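Asker: Pasting a structure below so you can have a look.
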Amino acid sequence: EFYDELVEFWKEHGHFLVLESENPVLLKWIDRQRLRYKGTASWQVVPLSKSQIYLLERIGFPWVSNRNEIEWQMMYDKLVQFQKERGHIQVKRLENQSLYGWMKTQRERYNNKGKSELSTQQIQQLERIGFSWSGKF
């Protein structure tokens with residue numbers, strides 16, 4: 001059953017961010033549970049029973065996806081790892097394109113040029129590791 005698979009995923013990773021590239025079937029099941037919980041899905045979707053809701057809530061399943069926050073934290077963790085390995089966070093584009101691009105996006109968000117602003121906690125996390133808001137080192 002997918003519930004058991006979700007529990008195993010949660011035990012292994014500590015979150016419910018299932019990537020489509022890793023397990024598209026489980027991700028689709030998760031999305032369907034959220035629709036069933038909301039009760040706003042089409043007539044073809046049966047609402048969750050009270051016991052199903054209880055089981056999901058027992059493991060801390062979020063009814064609203066917090067995917068953006070988790071993805072942000074995963075990239076931040078990669079930046080911290082980069083700093084541990086190299087002693088700095090001066091990521092060059094050719095060295096690590098995804099991390100370089102993520103850092104650029106954080107600067108844009110900080111300067112209110114992005115689609116959404118950084119939270120106070122995110123700003124504090126970045127400043128704690130010496131993040132340069134100007135991009136100059």
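The values are calculated or read from the model by the stated rules, or taken from the named source; none is laboratory data. This is a predicted model, so every value here is computed, not measured. Note: ideal-geometry Cβ built from the backbone for every residue, glycine included; neighbour counts use all protein chains shown. Surface accessibility is based on the protein's heavy atoms, side chains included, excluding ligands, DNA and RNA. Shrake-Rupley method; radii C 1.70, N 1.55, O 1.52, S 1.80 Å.
Asker: Counting only protein heavy atoms and a 1.4 Å probe, tell me what percentage of region 1-65's accessible area is made up of carbon and sulfur.
Answerer: Values: 2480 of 4540 Å².
Ligands and nucleic acids excluded, carbon and sulfur reach 55 percent.
Asker: Same structure again: Give me the 1.4 Å probe accessible area per residue for the chain, excluding ligands and nucleic acids, in Å².
Answerer: On a per-residue basis, the chain sits at 70 Å².
Asker: Return the calculated 222 nm mean residue ellipticity for the chain, to the nearest 500 deg cm²/dmol, obtained by summing -39500 (n - 2.57) across DSSP H runs with n ≥ 4 and dividing by the residue count.
Answerer: Details: 6 runs with 79 residues, N = 137.
My calculation for the chain gives -18500 deg cm²/dmol from helical runs alone.
Asker: What is the helix-to-structure angle for 97-110, meaning the angle in degrees between its Cα long axis and the longest Cα principal axis of the chain, kept from 0 to 90 and rounded to the nearest 10?
Answerer: 90
Asker: Please state the relative contact order of the chain as a whole percent: Cα pairs under 8 Å, 6+ residues apart?
Answerer: Details: 64 pairs, mean separation 18.3, N = 137.
Dividing the mean separation by the residue count of the chain yields 13 percent.
Asker: Using only Cα atoms, find the angle between the long axis of helix 24-38 and the longest principal axis of the chain, and express it within 0 to 90 degrees, rounded to the nearest 10.
Answerer: Computed tilt is about 70 degrees.
Asker: Over 18 Å apart: what share of the alpha carbon pairs of the chain falls there, rounded to a whole percent?
Answerer: That fraction is 64 percent.
Asker: With the crude spin-label approximation of a point 7 Å out along Cα→Cβ, what separation in nm comes out for residue 77 versus residue 4?
Answerer: 2.7
Asker: Once the Cα atoms of helix 67-86 and of the chain are each reduced to a long axis, what angle between those two axes, in degrees from 0 to 90 to the nearest 10, is obtained?
Answerer: Value to nearest ten degrees: 40.
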